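Report on one structure; see the data block that follows.
The values are calculated or read from the model by the stated rules, or taken from the named source; none is laboratory data. Here the structure is a predicted model, which is why all the values come from computation and not from measurement. Quick reminder, even Gly has a Cβ in these numbers, built from the backbone with ideal geometry, and neighbours come from all protein chains shown.
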Amino acid sequence: MLERLLVRASQAVALVDWRADALRVIAPDLTSMPPVATVALRGAATAVAPTGAVAPGPVPPGRWACIATPVHLNAGLSSVSMPFDGVLTLEPHESVTLAEDFNAIFGGAAGGAAGGAGARMRVCAAAVLVCEFDAPLDVETHDPETLVGRDLFAVQPGGSDGARLRRLMSELELWLFDHGINRARAAAGRPTVTGFWLWGGGPIGAATPAVRGWTAGRDPLFAAFGNETRWPSAAGQGSGVIVSRAQPGSAEWRAVEECWLEPAAAALEAGALTRFELSAGARRFRVERGFNWKFWRRARPWWETFGITTEIDE
């Protein structure tokens, strides 16, 4: 269905930052992109906080936080790379357990090694994990979703404080190696958490945008604004943003079509919806009523249309 819709869509618009582009759909007055971790902490007030972790609610100002994304990386003889399915989604109980254990080891001023001393972990909405630090850090980081297939040595955290994040990431790899969560995931045939990718950092308490609309999915940024589960319940709430990591054609993708694409297409044809947009990689397409049928176009694999060159069949 995605490929059929793309045949009927407008010409592609190039994107530099898909999150910033999508956020403007529900925050039209947005002037600058806020740090992802700063927004994610908005969801901490309604998240289940682990025992021993930072409790939900207001966070002390003057601190700094970044997203701690669980990943499964491939290590070679001379490189480490991010596979297509290397960004993992944790179950809520897994996030709670990992945050509890992290805080027991790294939570004190002298806890852990140099990279993790004084760090704390908080569970936010959609089981997103955020790592907090006592003072601001000057670092340059990369969204793990953009690193598929790349050698990660070249995209480690940089900046004057980048070494601290790199040390912490190395310590976390050792800590996770024989963790109970990984033993359970391996026994269930699920990919293990080989590390946490730290990114999207910013000062805690920084201004976050006011939104008018709804969101769905477990993205670190958009999960902080809510989590609709299917189209009809969200239809009367204005514009919305749906984020999915499911690969089109997979078993998980069928739920995306049933809950979102099919109802949206029906609403568009009925005149209840003005338009919707589809984005992946660095391209966005617009579909309007009548689907802008392009008779001269042929259907292509969805990844070709979006300009994604990763070997998705692996």
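Looking at the range 130-146, can you tell me whether even one residue there is among the hydroxyl-bearing types (S, T, Y), within 20 Å of the chain's Cα centre (by Cα), at pLDDT below 95 and surrounded by 21 or more Cβ atoms within 10 Å (Cβ to Cβ)? Talk me through it step by step, then tell me what you get.
The first filter runs over the range 130-146 and keeps only residues among the hydroxyl-bearing types (S, T, Y), leaving 141, 146.
Then drop every residue that is not within 20 Å of the chain's Cα centre (by Cα), which leaves 141, 146.
Retained after the next criterion (residues that are at pLDDT below 95): 146.
After this cut, where a residue has to be surrounded by 21 or more Cβ atoms within 10 Å (Cβ to Cβ) as well, the list is none.
No - not one qualifying residue is present in the range 130-146.
For residues that are polar (S, T, N, Q) and part of a helix (DSSP H, G or I), scanning just the range 209-258, find the one that is nearest to L273 (Cα to Cα).
By that ranking, first place goes to Q237.
Would you confirm, using the coordinates I've provided, whether V59 is crowded, with 18+ Cβ neighbours inside 10 Å and modelled with pLDDT of 90 or more?
Answer is no for this residue.
Is at least one residue of the range 190-213 among the hydroxyl-bearing types (S, T, Y), in the same structural domain as F84 (by TED's automatic domain parsing) and over 30 Å from L30 (Cα atoms)?
yes
Any idea which residue in the range 260-284 is farthest from I242 (Cα to Cα), counting only those that are part of a helix (DSSP H, G or I) and hydrophobic (A, V, I, L, M, F, W, C)?
That would be A270.
Do we have any residue at all in the range 255-266 that's farther than 26 Å from R24 by Cβ and either modelled with pLDDT of 90 or more or surrounded by fewer than 16 Cβ atoms within 10 Å (Cβ to Cβ) (or both)?
Within the range 255-266, one or more residues are farther than 26 Å from R24 by Cβ and either modelled with pLDDT of 90 or more or surrounded by fewer than 16 Cβ atoms within 10 Å (Cβ to Cβ) (or both).
Residue pairs, Cβ under 7 Å, 6 or more apart or interchain, first in the range 73-89 and of a type in the set (F, W, Y), second not in a loop (DSSP other than H, G, I, E, B). List them.
F84/V148
Can you find even one residue in the range 173-182 that is surrounded by 15 or more Cβ atoms within 10 Å (Cβ to Cβ), charged (D, E, K, R) and touching a residue at least 40 places away in the same chain (Cβ under 8 Å)?
No: the range 173-182 contains no residue that is surrounded by 15 or more Cβ atoms within 10 Å (Cβ to Cβ), charged (D, E, K, R) and touching a residue at least 40 places away in the same chain (Cβ under 8 Å).
Looking only at the range 192-219, filter to residues that are in contact with a Gly (Cβ under 8 Å, 6 or more places away or on another chain) and on the phi > 0 side of the Ramachandran plot; which one of those is modelled with the highest pLDDT?
G213
Kindly provide the set of residues from the range 28-54 that are farther than 22 Å from H142 by Cβ and either among the polar types (S, T, N, Q) or at pLDDT 95 or above (or both), ordered by number.
Those that are farther than 22 Å from H142 by Cβ and either among the polar types (S, T, N, Q) or at pLDDT 95 or above (or both): T31, T46, T51.
How many residues are aliphatic (A, V, I, L, M) and either outside the structural domain of V16 (by TED's automatic domain parsing) or at pLDDT 90 or above (or both) if we restrict to the range 269-281?
Residues meeting the conditions: 2.
Scanning the range 89-118 for residues that are more than 24 Å from the chain's Cα centre (by Cα) and aliphatic (A, V, I, L, M), which turns out modelled with the lowest pLDDT?
A110
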